[in-house]
């Protein structure tokens, strides 16, 4: 099969279209002809050599895919060749074929194209896990979503609104309209505003119940300031830095802060199966009726993968960057 390969670690220019052995599915896996995949920060980090591939995972980039079942293993009850399928991968999405455990695979809603479906798994499963499993978001609570116009951010806004929560976001000013269209009550410009001061103003001093954070160290103290008592911070990444120089444990104790850090790619398969199945039961009908929707910034042919990686690393995208698999490079 053909796949986008990392010729050597470093800049996007080192991505190249080449030949790679076809994956061999296990009896409990589906072999899928991939029609579309999507970019994630993990792809750019792995390309630069800063994100080790989990043991047993494909070294090919790509954490999500949408396509058609080419072959269903003997233990894959309920699936057959020709089924439209999408789902989360530990790697291998930037290729003409990939494999996925049949219990992690999800049927593509009729309302979604392959390109739209490819924009769902990583960001919506991450946001669902963060808000519901870890953040325990309840109706009537408030959530602050940092990087509100990112893939996970746009998914989190919609899921939090659907859960009956009020949503505040941080994002650069040109992306505020998108966040509000998705249901955010207010958008804070992280470049020109003190988000902790704005959260205090917007909530009448009460603060928020759940914070989804991708930035890390530079936001740590202001996140604590922005929480109400018993508030929860869910740490999803550390794009701004991983080391906080000084932490007042008393400040955390005073508000009874819950700080939870998580990753998804390295989770055990059983965890990802449970998450995928719960999310599918909850969300697929909402995609079908249009209550939830994938937010796509641009769709590229995979021969433009270099340009797509450049756009992500320049933080120019609002929503997901999707690669249509096929053609040359």
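Points to keep in mind about this one:
- Distance between modelled label sites at residue 192 and residue 268, nm, 7 Å Cα→Cβ extension: 5.0 nm
- Set against the 2.2 N^0.38 Å expectation for a compact globular protein, the range 123-261 has a Cα radius of gyration ratio of 0.94.
- When peptides 15-28, 285-298, 241-254, 112-125 are sorted by average Cβ neighbour count within 10 Å, with the highest value leading, the order is 112-125, 285-298, 15-28, 241-254.
- Label-reachable residues, the range 295-329, where backbone N falls under 17 Å from a point 7 Å from residue 177's Cα toward its Cβ: 296-298, 317-319
- Remark: the residue 301-residue 9 segment gains 102.9 nm on full extension, using 0.36 nm per residue and subtracting the alpha carbon distance.
- Between residue 45 and residue 75, the contour length at 0.36 nm per residue exceeds the Cα-Cα span by 7.3 nm.
- Spin-label model distance (nm) - residue 286 vs residue 28, 7 Å beyond Cα toward Cβ: 2.9 nm
- Protection proxy ranking, highest mean first, for peptides 143-154, 229-240: 143-154, 229-240, where packing is the per-residue count of other beta-carbon atoms within 10 Å, averaged.
- Sorting the segments 257-267, 58-68, 207-217 by their mean number of nearby beta carbons within 10 angstrom, highest to lowest, gives 58-68, 207-217, 257-267.
- Additional length obtainable on full extension of the chain from residue 255 to residue 136, 0.36 nm per residue less Cα span: 41.2 nm
- Value at 222 nm in deg cm²/dmol, rounded to 500, when DSSP H runs of n ≥ 4 in the chain each add -39,500 (n - 2.57): -7500 deg cm²/dmol
- Alpha-carbon centroid distance for the pair the range 192-213 / the range 245-296, whole angstrom: 20 Å
All of the numbers you see were taken from the coordinates with simple rules; none came from a lab. Bear in mind that the values here come from a model prediction, so they are computed numbers and not experimental data. Cβ coordinates were reconstructed from backbone atoms using ideal geometry, including for glycine residues, and neighbour counts include every protein chain displayed.
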